[in-house]
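The values are calculated or read from the model by the stated rules, or taken from the named source; none is laboratory data. Since we're looking at a predicted model, the values are computed, not measured. As a convention, Cβ positions derive from the backbone with ideal geometry for all residues, glycine included, and neighbour counts pool all protein chains shown. These area figures cover heavy atoms from the full protein model, side chains too; ligands, DNA and RNA do not enter into them. Shrake-Rupley method; radii C 1.70, N 1.55, O 1.52, S 1.80 Å.
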Amino acid sequence: MSSRTQTAAAGAVASLADAEYVLLGIPDVHGSIRGKALRPDAFEAALREGTVMTDLILALDPTDTPITDYETFGIRAGAGDLVVHPEPDTLRELSWRLGWRVCLATPSWSDGSACEISSREVLRRALDDLAELGYSTLAAFEYEIRLRDAEGQPLSSGISYSVGEILRFDEFAARLGPALQGLGIELGAIHTEAGPGLLELNVAARPGVRAADDAAFLKLAVKEVAASLGLQASFLAKTVPGEEGSSGHVHLSLWSGDANTFAADGPLDAAIAGILDHLPAASLLLNPTINSYKRLVPGYFAPVNVSWGVENRSAALRVIRSSERPERCRIECRRPGADANPYLALAAVVASAADGIRRGAFPPSPVEGDASAREDLPALPTSLESAVRAFEQDETLRRALGERFSDYYVVSRAWELKAWQQAVSDWERERYGRAV
């Protein structure tokens with residue numbers, strides 16, 4: 001244990017004076033935190049020696065069904081143990097649950113080797129590769145969530161940026177603020193979007209892995225706070241046809257010391273080019289479900305092609321420049337949905353940018369006007385199947401994320417496709433039941 005980790009561990013122990021339980025968990029392939037609740041003494045022991053959790057955590061689908069296509073771990077291998085070590089600097093307070101804390105952990109296989117398929121470790125690898133080029137990251141996730149009452153009715157009618165309609169979320173916002181503060185997340189602003197019950201949350205940018213940690217904690221807090229008020233909160237990419245979907249945009253800038261290198265152009269062009277080059281394959285991580293692609297249709301500010309523009313919200317990449325506030329210069333990747341695993345979404349964007357920088361790539365001309373109307377631009381995947389094919393063909397991105405992780409992730413997406421192909425929807429019954 002390094003001296004820094006020892007110091008963080010000592011601080012963590014000191015903060016447990018009034019704790020009843022610590023939720024110790026790791027992000028799964030979907031970005032949800034899975035783990036167990038430890039009593040303070042057990043958590044202190046885990047800080048010293050680690051503890052165990054089943055590797056089935058890494059092999060469950062969204063319905064909690066074991067993915068049986070993995071052979072070396074998960075249900076077919078007997079659901080053996082992972083050894084997990086708490087990351088004491090991620091210990092946070094669950095202010096809406098008196099006496100409860102939450103802490104993230106780093107998993108390893110039972111033989112002590114690194115668990116390279118863990119979402120958080122995939123992001124660390126991408127950040128380490130970028131650091132070799134001399135850059136660190138500052139990133140933030142911008143989520144659009146849907147809130148409904150106990151009867152399933154949306155809290156707002158769907159007027160964007162409505163000062164009046166935002167007051168309908170007052171009780172939720174009043175509870176959410178302290179909850180996020182306890183988790184170390186700085187909520188800067190909220191506003192309504194153009195969909196019934198749709199609310200956007202803007203949080204402060206954070207360095208490195210912390211940005212994705214904040215996003216994972218935010219999802220946890222939103223769902224828990226909403227449930228405590230008898231509300232339903234959803235991060236589903238597309239909830240209702242004909243309405244705007246829920247996005248999870250990633251804002252990214254690259255830094256060298258205290259300087260934002262995007263402000264002086266620096267690697268900005270190369271980073272844009274790299275992200276654009278790999279965006280078809282990266283869509284598998286940015287848009288990971290069957291439902292994801294129902295959001296990605298023209299007319300709803302959801303990007304459908306390989307495009308970028310300066311302050312252009314219709315493009316896949318929106319470049320934000322500010323001569324007066326250079327620290328705010330950044331790339332906004334608008335392709336991700338709110339359903340994306342934040343660790344994998346950020347890893348895909350960072351790895352793509354790093355490849356562009358490494359190659360000295362140069363982007364095409366920026367798009368002016370409505371990018372979705374440009375038929376001359378390369379189309380992005382329109383389904384999970386086409387995204388899988390694009391990912392399998394992008395050897396550079398697969399290598400950057402790790403070949404073992406890439407194989408693991410494709411299996412999980414193929415499992416989703418298989419589940420979808422075996423399902424029969426109400427739409428199919430209603431559309432074809434009387435006509436065939």
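Data for the structure
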{"item": "Unique match (being more than 23 Å from residue 35 (Cβ to Cβ), in contact (Cβ under 8 Å) with a residue 40 or more places away in the chain, out of contact with any Gly (no Cβ under 6 Å at 6 or more places or on another chain) and hydroxyl-bearing (Ser, Thr, Tyr)) among 192, 239", "result": "239"}
{"item": "Close pairs (7 angstrom Cβ cut-off, 6 or more residues apart or separate chains): open to solvent by less than 10 Å² (accessible area, probe 1.4 Å) in the stretch 113-130, of a type in the set (D, E, K, R) and assigned to a helix (DSSP H, G or I) anywhere", "result": "115/121; 117/404"}
{"item": "Complete set of residues in the stretch 220-243 that are open to solvent by less than 30 Å² (accessible area, probe 1.4 Å) and charged (D, E, K, R)", "result": "238"}
{"item": "Odd one out for residue 393, checked against (1) open to solvent by 80 Å² or more (accessible area, probe 1.4 Å); (2) farther than 20 Å from residue 284 by Cα", "result": "(2)"}
{"item": "Index of the failed condition, residue 324 passing every other in (1) outside any helix (DSSP H, G or I); (2) of a type in the set (D, E, K, R); (3) in contact (Cβ under 8 Å) with a residue 12 or more places away in the chain; (4) open to solvent by 10 Å² or more (accessible area, probe 1.4 Å)", "result": "(3)"}
{"item": "Qualifying residues in the stretch 155-213 (those that are among the acidic types (Asp, Glu) and within 25 Å of residue 300 (Cα to Cα)) - the one surrounded by the most Cβ atoms within 10 Å (Cβ to Cβ)", "result": "193"}
{"item": "Condition broken by residue 283, with the remaining ones in (1) small (Gly, Ala, Ser); (2) more than 19 Å from residue 398 (Cα to Cα); (3) surrounded by 20 or more Cβ atoms within 10 Å (Cβ to Cβ) satisfied", "result": "(2)"}
{"item": "Only listed residue being modelled with pLDDT of 95 or more and touching a Pro at 6+ places or on another chain (Cβ under 8 Å), chosen from 358, 399, 413", "result": "413"}
{"item": "Selection from the stretch 131-152 of residues that are under 25 Å from residue 295 (Cβ atoms) and either β-branched (Val, Ile, Thr) or buried (at least 20 other Cβ atoms within 10 Å of the Cβ) (or both)", "result": "139, 140, 141, 143, 144, 145, 146, 147"}
{"item": "Residues that are open to solvent by 20 Å² or more (accessible area, probe 1.4 Å) and more than 16 Å from residue 205 (Cα to Cα), drawn from the stretch 327-346", "result": "339"}
{"item": "Boolean, residue 89 is more than 28 Å from residue 20 (Cβ to Cβ), in contact (Cβ under 8 Å) with a residue 60 or more places away in the chain and open to solvent by 20 Å² or more (accessible area, probe 1.4 Å)", "result": "no"}
{"item": "Residues that are part of a loop (DSSP other than H, G, I, E, B), in contact with a Ser or Thr (Cβ under 6 Å, 6 or more places away or on another chain) and open to solvent by less than 70 Å² (accessible area, probe 1.4 Å), drawn from the stretch 358-379", "result": "367, 377"}
{"item": "Pair list, Cβ < 6 Å and 6+ apart or interchain, from the stretch 67-86 residues that are at negative phi to residues that are part of a strand (DSSP E or B) and modelled with pLDDT under 95", "result": "none"}
{"item": "In the stretch 16-44, residue surrounded by the fewest Cβ atoms within 10 Å (Cβ to Cβ) [restricted to those that are over 24 Å from the mean Cα position of the chain (by Cα) and in a loop (DSSP other than H, G, I, E, B)]", "result": "17"}
{"item": "Helices (runs of 4 or more DSSP H) lying entirely in the stretch 70-187 (those with 3 or more residues that are within 22 Å of the chain's Cα centre (by Cα))", "result": "119-132, 170-182"}
{"item": "Subset of the stretch 45-86 that is of a type in the set (Asp, Glu) and out of contact with any strand residue (DSSP E or B) (no Cβ under 9 Å at 6 or more places or on another chain) - its residue that is least open to solvent (accessible area, probe 1.4 Å)", "result": "61"}
{"item": "Condition check for residue 171: among the acidic types (Asp, Glu) and under 30 Å from residue 259 (Cβ atoms)", "result": "no"}
